[in-house]
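To start, the structure itself, in structure tokens.
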Amino acid sequence: MSEAERVRALRGATTLDHDEREHLIARTQELITQLFERNGLVEDDLVSIVFTATDDISAAFPAEAAREAGITHVPLLCARELDIDGSIPRCIRLLVHTYTTRPVSELRHVYLHAARQLRTDLPE
């Protein structure tokens, strides 16, 4: 008997080497692609995606990357990350709300590039 479908949240983050639109789009799409692949997701599974970016990112909205990747029917929101001393520079985070039958123990959060240091407890 499989677990009933329910709403779950997945987290992820990546960093930019420099604040440039094409680089931001590529890194954000890489993050989304890996999160989808590791969790067996498709657009129809999604409820919403919230993106945050640190204050040193201004080249583009991370949500643009999702739209350019074909995620067109999902509500997207961008916000500023808290400006905390010692935080990782040029960091984009996301919070994906999705329908899934997977138990929490099988969900795979994704942290790429310098953002890996945020969750060293997770497998790559």
Residues (free of Cβ contacts under 8 Å to residues at least 60 places away in the same chain and not in a loop (DSSP other than H, G, I, E, B)) located in region 25-42: Ile25, Ala26, Gln29, Thr33, Phe36, Glu37
Region 46-73 residues that are buried (at least 19 other Cβ atoms within 10 Å of the Cβ), paired with ones that are part of a strand (DSSP E or B) and of a type in the set (Val, Ile, Thr) (beta carbon under 6 Å, 6 or more apart): Leu46/Thr98; Ile49/Val96; Ala53/Ile92; Pro62/Ile92
Subset of region 43-87 that is β-branched (Val, Ile, Thr) and not in a loop (DSSP other than H, G, I, E, B) - its residue that is farthest from Leu16 (Cα to Cα): Val47
Subset of region 3-38 that is surrounded by 20 or more Cβ atoms within 10 Å (Cβ to Cβ) and polar (S, T, N, Q) - its residue that is farthest from Ala115 (Cα to Cα): Thr28
Search result, residues across region 89-100 that are surrounded by 17 or more Cβ atoms within 10 Å (Cβ to Cβ) and either among the polar types (S, T, N, Q) or in a loop (DSSP other than H, G, I, E, B) (or both): Arg90, Thr98, Thr100
Residues of region 56-71 classified as closer than 16 Å to Thr33 by Cβ and of a type outside the set (Gly, Ala, Ser), total: 5
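Bear in mind that the values in this text are calculations on the coordinates, not laboratory data. All of these numbers come straight from a predicted model, not from anything done at the bench. Every residue, glycine as well, gets a Cβ built from its backbone with ideal geometry; the counts of neighbours run over all protein chains shown.
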